[in-house]
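Visitor: Here it is, the structure, as structure tokens.
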Amino acid sequence: MSGKLINGKEIGEIIRQSIQKEVNDLQEQGVTPGLAVILVGDNPASKTYVSNKQKSCEQIGIYSELIELSADTTEETLLNEINKLNADPAIDGILVQLPLPKHITEQNVIAAISPEKDVDGFHPESVGKMILGQPTYLPCTPYGVMKLLEYANIDVAGKHAVIVGRSHIVGVPMGQLLLQKDATVTYCHSKTPDLVAMTTQADILVVATGRAKMIGAEHVKEGAVVIDVGINRDENNKLCGDVDFDAVVDKVSAITPVPKGVGPMTITMLLFNTLQSAKKKLTQDK
Ligand code: NDP
């Protein structure tokens, strides 16, 4: 038996079509959603992510603005840029591409973004509201995973979800969103002594470690659903996930590939959040 592929490219495309329709409707009412992306320094992976985000905006009619700052930009200059964007009516969403150079404190930068425009969902106010289950911008990658599960008809309620990774942008919010959908959630991380003992209990296993192919057949229960968030390069410089896809695909009931799994969903949910922000502006203007 081979596990069903959960195709994030196809599911993302379906969601993008409905976003595009709403963007068109908004434009007819005189509103163009706008996203500003700030890139500090010249990290090649960050440049690729930023250019993909811009291309996706253009494709569906969202205005996008790129602010490129040199690696030696001061925190003060960056905060000034954010304040300008906070006040700019053409901008509905602000995204600061992470990681930032070491001399800049990420927490200060994220806190400076207006919660109204925090389409990445990383601001403390957004995180607090997410945990309380209040309406807010949900962080794009875990939100994208929830949409993948929904579109693949995978019911989460009552399932044991095991998350490997506890970063604030993926692992931690992932567990919270699954918990809100009535999963029983276990978090694992680098200090978990017996990872296999944990992951083999998972009905739904989400892996976000940044360690290429670290999850093999021995980590996975027969028939589990495996969501691979990782984006890495293997020994042949080919894109791969944190899961050894070939080793586990015959054991699982469903699995996301890398590429074309979680990656396209992250950008899709960014477009979705930017649209929601623009829609709010319309109701406030009325
Ligand atoms: P971080 O490096 O911030 O976090 C990695 C987490 O994995 C940490 O919690 C760490 O534990 C844990 N970990 C590392 N090694 C092990 C191990 N051997 N056993 C168990 N746990 C381990 O990474 P991110 O969350 O930012 O990203 C994770 C991956 O997802 C990366 O490959 C990244 O490129 C990818 N990613 C993909 C996105 C997409 O759109 N598809 C979006 C964002 C990220 P500890 O806390 O103890 O150190």
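Visitor: G133: net charge of surrounding residues, Cβ under 15 Å, Lys/Arg +1, Asp/Glu -1, itself excluded?
Guide: 0
Visitor: Measure nothing fancy, just the Cα-based angle from helix 171-180's long axis to the longest principal axis of the chain, in degrees from 0 to 90, nearest 10.
Guide: 80 degrees
Visitor: Order E58, E22 by their accessible area, 1.4 angstrom probe, all chains in place, largest first.
Guide: Greatest to least solvent exposure: E58, E22.
Visitor: Where does the chain land at 222 nm, in deg cm²/dmol rounded to the nearest 500, when only DSSP H runs of n ≥ 4 count, each adding -39500 (n - 2.57), divided by all residues?
Guide: Taking each H run of at least 4 residues, the total per residue is -13500 deg cm²/dmol.
Visitor: Further question on the same structure: For segment 1-79 and segment 82-157, write down the distance between their C-alpha centroids in whole Å.
Guide: For segment 1-79 versus segment 82-157, the Cα centre distance is 13 Å.
Visitor: Which percentage, to the nearest 5, of the DSSP beta bridges contained in segment 127-286 is antiparallel?
Guide: Of the beta bridges lying entirely in segment 127-286, close to 10 percent run antiparallel.
Visitor: Over the heavy atoms of V229, what accessible area does a 1.4 Å probe trace out, to the nearest 10 Å²?
Guide: Surface accessible to solvent at V229 totals approximately 20 Å².
Visitor: Please state the charge dipole magnitude for segment 222-261, taken about the Cα centre, from unit charges on C-beta atoms (+1 on K and R, -1 on D and E), reported in debye and rounded to the nearest 20.
Guide: 200 debye
Visitor: Something else now. Given axes a ≥ b ≥ c from the Cα gyration tensor, I'd like to know whether the chain is rounded (a/c under 1.5), prolate (a/b larger than b/c) or oblate.
Guide: prolate
The values are calculated or read from the model by the stated rules, or taken from the named source; none is laboratory data. The structure presented is a predicted model; accordingly, all values stated were derived computationally and were not measured. Counting neighbours? That spans all protein chains shown, and the Cβs are built from the backbone with ideal geometry, glycine included. The protein model used for the area step is the full one, side chains on, heavy atoms only, and it has no ligands, DNA or RNA in it. Shrake-Rupley method; radii C 1.70, N 1.55, O 1.52, S 1.80 Å.
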